[in-house]
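Contents: one structure, followed by commentary.
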Amino acid sequence: MDSDGTSWFRGRVIGQGSFGCVFIAKPKSNSSFLPPLMAVKSAEVSASASLQKEKEVFDNLNGCPFVLECFGEEITMGENGEMAYNLLLEYAAGGTLGDLIEKCNGNGLPEKDVRRFTRCILEGIGHIHDSGYVHCDVKPDNILLVATQSGKFVAKIADLGVAKRSRHCKRQKFDPSMRGTPLYLAPETVVQHMQEAPSDIWALGCVVLEMLSGRQAWIVKEDCSIDQLFSIIGDEHSLPEIPSRVSKEARDFLRRCFVRKPAFRFTAEMLLDDPFVKGFDEELFRELEGDYSQEQVTLSNADAESCSPECISFIPLEANSSLSSWGSAQRTNEGSTITVKELSSNPTVFCRSFFAIPALAR
């Protein structure tokens, strides 16, 4: 460990938002705990409460190949003298699922890829639910694509920053807030402020529909307000339109996600037995489940050169940044008023904790 308190060199920025920024990093020396390439999520300590809360969630997820790995945390000092809180995360070379969908220009992904990604997301959601949490913000921008040793990309769930304890968990406290992104919220969330495991399944349906069709689940005008959108989602006769061109298996799967009453909506465990995903690409899933913790990421020349010893360990960030469009916004609750919080259009990386490096002075 060098005297500056960091075990890694910083490279180029790959994501930025109101939380801080994410940049590529590589270890300063060979390590049995750190991969050759990482993504580090960083914020000034004074503004890192959400990151530290996220780390707490990571610590309670005990190993899943379909949730990004977190290799620990560190406190560093930046050039401006401010202390920075850093999460050391798995690097996803494929970017976000949202990026991939956008590249299809409204045509959607091949169904075989949708099936594979859907099974990955279901495995990750199921693990999060089994661990006593609700993700609360399942959407394409929070699903990252990671290359396996066989060369295929798999989807891994990221960004646990707004995750909450599920209601059946004994440690859960009363929380009236509404979390997540408006276009992916379930009916019970916008009507009753209920956000439990079934709400993640509704959001999954929105993601699968978006992968298949190349468009978001709810077709609304650009100037549609959040209140108008909530009226559509909350209408008891309203459901996202499923294209007729997709397979029967895909249509049936989506109908099981888009059940308006959460008590009757399929669970992640039930959906893993659905013909749309069951038994699909078994060889790949055996590979992931067998040796995911030993998986290595190839360091490209460009990324390696961007992580030089001269790079500082922390980028000072402005306290506030401009708002992006609400359709891709992450939202928090202030009483009964929903406010919009920026999400970067660049890929950002968040994950569970796997190995914890002591955060304070060595």
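The values are calculated or read from the model by the stated rules, or taken from the named source; none is laboratory data. Every value quoted in this text rests on a predicted model; they were computed, and no experiment measured them. Methodologically, a virtual Cβ is constructed for each residue, glycine included, from the backbone with ideal geometry; neighbour enumeration extends over all protein chains shown.
If I ask for residues that are part of a loop (DSSP other than H, G, I, E, B) and on the phi < 0 side of the Ramachandran plot, which ones from region 109-154 would you list?
At the first step, the residues of region 109-154 found to be part of a loop (DSSP other than H, G, I, E, B) are 109-110, 131-132, 135-139, 148-152.
Across region 109-154, the qualifying residues are 109, 110, 131, 135, 137, 138, 139, 148, 149, 150, 152.
Can you tell me which of (1) touching an Asp or Glu at 6+ places or on another chain (Cβ under 8 Å); (2) surrounded by fewer than 24 Cβ atoms within 10 Å (Cβ to Cβ); (3) small (Gly, Ala, Ser) is the one residue 48 doesn't meet? Exception for residue 48: condition (1).
Rundown of residues vs (1) in the same structural domain as residue 147 (by TED's automatic domain parsing); (2) at pLDDT 55 or above; (3) within 18 Å of residue 200 (Cα to Cα), yes/no style:
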| site | (1), (2), (3) |
| --- | --- |
| 246 | yes, yes, no |
| 274 | yes, yes, yes |
| 312 | no, no, no |
| 315 | no, no, no |
| 334 | no, no, no |
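Looking at this structure, is residue 200 crowded, with 19+ Cβ neighbours inside 10 Å and out of contact with any Phe, Trp or Tyr (no Cβ under 9 Å at 6 or more places or on another chain)? Against the criterion (crowded, with 19+ Cβ neighbours inside 10 Å and out of contact with any Phe, Trp or Tyr (no Cβ under 9 Å at 6 or more places or on another chain)), residue 200 qualifies. Annotation note: of 230, 285, 266, 280, the sole residue that is among the aromatic types (Phe, Trp, Tyr), modelled with pLDDT of 95 or more and closer than 25 Å to residue 128 by Cα is 266.
Evaluating residue 29 against the criteria (1) more than 30 Å from residue 126 (Cβ to Cβ); (2) buried (at least 24 other Cβ atoms within 10 Å of the Cβ) leaves one unmet condition, (2). In region 80-106, which residues are assigned to a loop (DSSP other than H, G, I, E, B) and within 17 Å of the chain's Cα centre (by Cα)? Answer for region 80-106, where residues must be assigned to a loop (DSSP other than H, G, I, E, B) and within 17 Å of the chain's Cα centre (by Cα): 91, 92, 93, 94, 95. Quick check: is even one residue across region 166-185 closer than 28 Å to residue 59 by Cα, of a type in the set (Val, Ile, Thr) and assigned to a loop (DSSP other than H, G, I, E, B)? Yes; the residues of region 166-185 include at least one that is closer than 28 Å to residue 59 by Cα, of a type in the set (Val, Ile, Thr) and assigned to a loop (DSSP other than H, G, I, E, B).
For the condition assigned to a loop (DSSP other than H, G, I, E, B) and touching a Gly at 6+ places or on another chain (Cβ under 7 Å), residue 215 qualifies. Is there a residue in region 86-102 that is in the same structural domain as residue 153 (by TED's automatic domain parsing) and free of Cβ contacts under 8 Å to residues at least 24 places away in the same chain? Yes: region 86-102 contains one or more residues that are in the same structural domain as residue 153 (by TED's automatic domain parsing) and free of Cβ contacts under 8 Å to residues at least 24 places away in the same chain. Of note, residue 138 satisfies the criterion of being within 18 Å of the chain's Cα centre (by Cα) and modelled with pLDDT of 95 or more.
The listed residues are 224, 206, and the only one of them that is crowded, with 20+ Cβ neighbours inside 10 Å and either at pLDDT below 95 or not basic (Lys, Arg) (or both) turns out to be 206. Of the residues in region 140-154, at least one is under 30 Å from residue 35 (Cα atoms), hydroxyl-bearing (Ser, Thr, Tyr) and surrounded by 15 or more Cβ atoms within 10 Å (Cβ to Cβ).
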